[in-house]
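Chemist: Sending over a structure as structure tokens; questions will come in a sec.
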Amino acid sequence: MLIDIESVNSQSPYYVSFADEEHSLKFTTTHDIEYKVSFICDTSIFDGLPVYHLMFAAANRHPQDKLFPDSNIKETIFSIVGNFLHINSTAILYICEDKDERQRCRQRLFSMWFKQATAKKDKQYAIHMTSYNIDEENIMYVGMIANTNNPNLSLYVDKFDSLKQSLQEK
């Protein structure tokens, strides 16, 4: 089991349920924006060591729609990711996509969220980030999050550092 949905909902301000796809969850905000959160296993990036890609997006929001500040989104994501990392001895990779040129904002926001979570005594995350130029105009932001209690943490950090180095050499 990748997620304990009852535990997630006991800590989340928004009700979280399983989506149709395997390893996907969803929740709806008070502004009727539905978010989808998915975990996709990948063993190719870290030479056979399983790592999960975190996919997080508003399923029914259009780029022209107004954004509403909502701290409950952050708390819901914390609940989901924290539960995932507690249950699974793995790491999460996330890429801040650039389809609307807001990838830097996403990276700063996500980094801030997890630094705030790490500041809490009961949550300890190892957060590693990098960026690299895709071309002259576009920068890709990549991050890794793992629980500091993960027995394979040093191995994940080494693999991420190798990934970071190879991305920066491109």
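Chemist: Keeping to segment 1-11, report how many residues are acidic (D, E) and buried (at least 17 other Cβ atoms within 10 Å of the Cβ).
Modeler: Count: 0.
Chemist: Going by the structure shown, is F46 out of contact with any Ser or Thr (no Cβ under 7 Å at 6 or more places or on another chain), at pLDDT below 90 and surrounded by 15 or more Cβ atoms within 10 Å (Cβ to Cβ)? Steps first, please.
Modeler: Working: out of contact with any Ser or Thr (no Cβ under 7 Å at 6 or more places or on another chain): yes; at pLDDT below 90: no; surrounded by 15 or more Cβ atoms within 10 Å (Cβ to Cβ): yes.
No, not satisfied.
Chemist: Report, ordered by the first and then the second residue, all pairs with beta carbons closer than 6 Å, sequence separation of six or more or different chains, a first member in segment 7-31 that is on the phi > 0 side of the Ramachandran plot, and a second member that is among the hydrophobic types (A, V, I, L, M, F, W, C) and open to solvent by less than 90 Å² (accessible area, probe 1.4 Å).
Modeler: If the second residue must be among the hydrophobic types (A, V, I, L, M, F, W, C) and open to solvent by less than 90 Å² (accessible area, probe 1.4 Å), the pairs left are H23/L2; H23/F39.
Chemist: Also, quick follow-up: I'd like the residue in segment 17-32 that is open to solvent by less than 30 Å² (accessible area, probe 1.4 Å) and part of a loop (DSSP other than H, G, I, E, B) and, out of all such residues, is modelled with the highest pLDDT.
Modeler: T29
Chemist: From the list Y35, Y14, exactly one residue is open to solvent by less than 60 Å² (accessible area, probe 1.4 Å), assigned to a loop (DSSP other than H, G, I, E, B) and hydroxyl-bearing (S, T, Y). Which is it?
Modeler: Values: Y35 fails: assigned to a loop (DSSP other than H, G, I, E, B).
Selected residue: Y14, the only one of Y35, Y14 that is open to solvent by less than 60 Å² (accessible area, probe 1.4 Å), assigned to a loop (DSSP other than H, G, I, E, B) and hydroxyl-bearing (S, T, Y).
Chemist: With the requirement that a residue be within 27 Å of P69 (Cβ to Cβ) and under 16 Å from the mean Cα position of the chain (by Cα), what does segment 17-51 give you?
Modeler: Within segment 17-51, S24, L25, K26, F27, Y35, K36, V37, S38, F39 qualify.
Chemist: Condition check: more than 27 Å from K164 (Cα to Cα), part of a helix (DSSP H, G or I), modelled with pLDDT of 90 or more and open to solvent by less than 60 Å² (accessible area, probe 1.4 Å). Does N83 satisfy that?
Modeler: no
Chemist: Conditions: (1) open to solvent by 80 Å² or more (accessible area, probe 1.4 Å); (2) modelled with pLDDT of 70 or more; (3) not β-branched (V, I, T). R108 meets all but one. Number of the miss?
Modeler: Answer for R108: the failing condition is (2).
Chemist: So which residues in segment 134-170 are modelled with pLDDT under 85 and either within 24 Å of F39 (Cβ to Cβ) or crowded, with 18+ Cβ neighbours inside 10 Å (or both), if there are any at all?
Modeler: M140, Y141, V142, G143, K164, S166, L167, listed by residue number.
Chemist: Please specify each residue of segment 49-78 satisfying the condition of being within 17 Å of T28 (Cα to Cα), open to solvent by less than 20 Å² (accessible area, probe 1.4 Å) and at pLDDT 90 or above.
Modeler: T76, the sole residue that qualifies.
The values are calculated or read from the model by the stated rules, or taken from the named source; none is laboratory data. The structure displayed is predicted, hence computed values, not measured ones. Ideal geometry is used to build each Cβ from the backbone, glycine not excepted, and the neighbour counts take in all protein chains shown. Just so you know, the surface numbers come from the protein's heavy atoms only, side chains and all, with ligands and any DNA or RNA stripped out. Shrake-Rupley method; radii C 1.70, N 1.55, O 1.52, S 1.80 Å.
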